[in-house]
Every structure is written in structure tokens, then in C-alpha cells.
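> Sharing a structure, written as C-alpha cells. Questions coming.
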Amino acid sequence: MNLDELIKELNTLYGFDITQRVRQRQYSYARKVYCKLAKEVGHTLQLLGSKVGISHDCVLYHNRTFNTVTHSDKVIFNKIVRQFRLNVDLCKMPRKKKVVKKIPKQVKAQDLLLIDEITEVLKKWETENLMQFISTRLMPYDKLIKATKPQIQPQKVEGAKLKRQVKNPVLC
């Protein structure tokens with residue numbers, strides 16, 4: 001695979017020129033994808049760097065820190081590997097786990113009354129107000145509850161026992 005073809009394809013997929021000397025994250029991640037692909041194919045570090053305008057040690061750094069790129073960058077990496085049919089391992093994409101929130105089986109009657117009271121109030125609100133309440137009040141409060149730890153109760157310790165009488169009346 002030719003490096004010029006790789007740069008051209010990455011430029012079209014990213015929508016910008018990866019050879020520009022910009023320190024923004026998206027440019028850096030695009031260069032990481034380029035360095036990883038080209039190194040895996042077998043090109044030298046100096047040749048890789050000269051095509052993009054970086055030194056060979058930067059190419060080595062980008063290659064080693066490839067695992068820091070975002071999910072979309074890994075998708076682009078896999079797309080190019082498949083498109084050019086390269087003999088390179090695809091990036092492992094973590095699967096999203098489905099989060100299922102379960103209502104506790106044993107809900108107290110008092111809690112059910114509170115939930116009913118809250119829903120009656122919320123039914124009167126408009127959709128826009130509900131969305132704003134959820135994003136600005138409910139979700140931050142939920143995070144706060146999850147982050148707080150219960151306070152540790154200090155252990156009760158018996159006071160010191162005096163073996164003989166003390167002259168100080170405060171201590172007696």
C-alpha cells in the first residue's frame with residue numbers, strides 16, 4: 001500500500017488534511033491512525049514521518065499511544081484495513097452493555113405513595129420543563145447520591161477507670 005494513497009484516504013474520511021501541523025486532538029488522533037496503519041504495513045519510521053511532516057520519534061510515540069484514540073478513530077482504522085485488505089489485526093471494539101434498571105421487588109407502601117405524589121406533579125408539567133428538570137436537577141442529584149458514602153459511626157469506647165482517688169474534683 002502506498003503512503004500517499006493512505007494519506008489521501010484518511011483526508012477524505014476525516015474531512016481535513018492530516019499533514020497540517022495542528023495540535024488539536026482530532027488531528028493528533030488522525031496522525032495516530034496513520035502511523036499505526038503504515039507501521040503495521042511495514043514502512044520505516046523516518047519515511048512515515050517525512051510524509052506527514054513529523055520526526056521519527058513522534059511516529060514511534062503515535063504508534064505506541066494508539067490505544068488512546070476515540071471509538072470513531074478505531075472505526076476509521078478498521079474501515080481502511082478492510083478497504084485495502086491489509087494484513088493487519090482489526091481494532092477491538094468494546095460492545096456496549098445494555099443497562100437494565102430494575103425496580104426493587106419489595107417497595108414500601110410509603111415509597112409508593114411518594115412516587116405517586118411525584119408523578120402527579122410531573123404530569124402537569126410541559127415536556128420542555130420535564131427535560132430541563134431531568135438534565136439540570138434530577139441527573140446531577142442522582143450522581144451526588146451515588147457518589148456519597150455513608151458516614152462511619154465512631155465506635156463507643158469506655159472511659160478510663162481510675163484505680164485510686166484523684167485530688168482534682170473535675171476528674172472525679
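> Share of the chain's accessible area from carbon and sulfur, percent, 1.4 Å? Don't jump to the answer; show the numbers that get you there.
Working: 8040 of 14900 Å².
After summing per-atom areas, the C and S share lands at 54 percent.
> In addition: Quick one: compute the contact order of the chain, relative version, from alpha carbon pairs under 8 angstrom and 6+ residues apart, as a percent.
On the way: 87 pairs, mean separation 25.2, N = 172.
Here the relative contact order equals 15 percent.
> Here is a further query. Among the listed pairs K108/K156; K51/K79; K92/K149, which have their C-alpha atoms separated by more than 28 angstrom in this model?
From the list (K108/K156; K51/K79; K92/K149), the Cα-Cα distance tops 28 Å for K108/K156; K92/K149.
> Most mobile of K32, K124, K156 per a Gaussian network model of the chain (Cα springs, under 10 Å)?
Evaluated over the chain, the most mobile residue of the options is K156.
> Quick one: accessible area per residue over the range 1-132, 1.4 Å probe, rounded to a whole number of Å²?
Working: 10130 Å² over 132 residues.
Result: 77 Å² of accessible area for each residue.
> While we're looking at this one, here's another question. Report the per residue volume, in Å³, of the convex hull enclosing the C-alpha atoms of the range 120-172. Let's see the in-between values first.
Working: hull volume 9.5 nm³, N = 53.
With only Cα atoms used, the range 120-172 gives 179 Å³ per residue.
> Hey, another quick one. Which residue, K74, K149, K161, tops the fluctuation ranking in a GNM of the chain built on C-alpha contacts under 10 Å?
Comparing K74, K149, K161 in the GNM, the peak value goes to K161.
> Same structure, new question: Convex hull over the Cα atoms of the chain, averaged projected area in nm²? Intermediate results must be reported in sequence, preceding the final value.
Values: hull surface 99.7 nm².
Mean shadow area of the hull around the Cα atoms is 24.9 nm².
The values are calculated or read from the model by the stated rules, or taken from the named source; none is laboratory data. Because the structure is predicted, anything quoted here is derived from the model rather than measured. Calculation scope for accessible area: heavy atoms of the full protein, side chains included, ligands and nucleic acids excluded. Shrake-Rupley method; radii C 1.70, N 1.55, O 1.52, S 1.80 Å.
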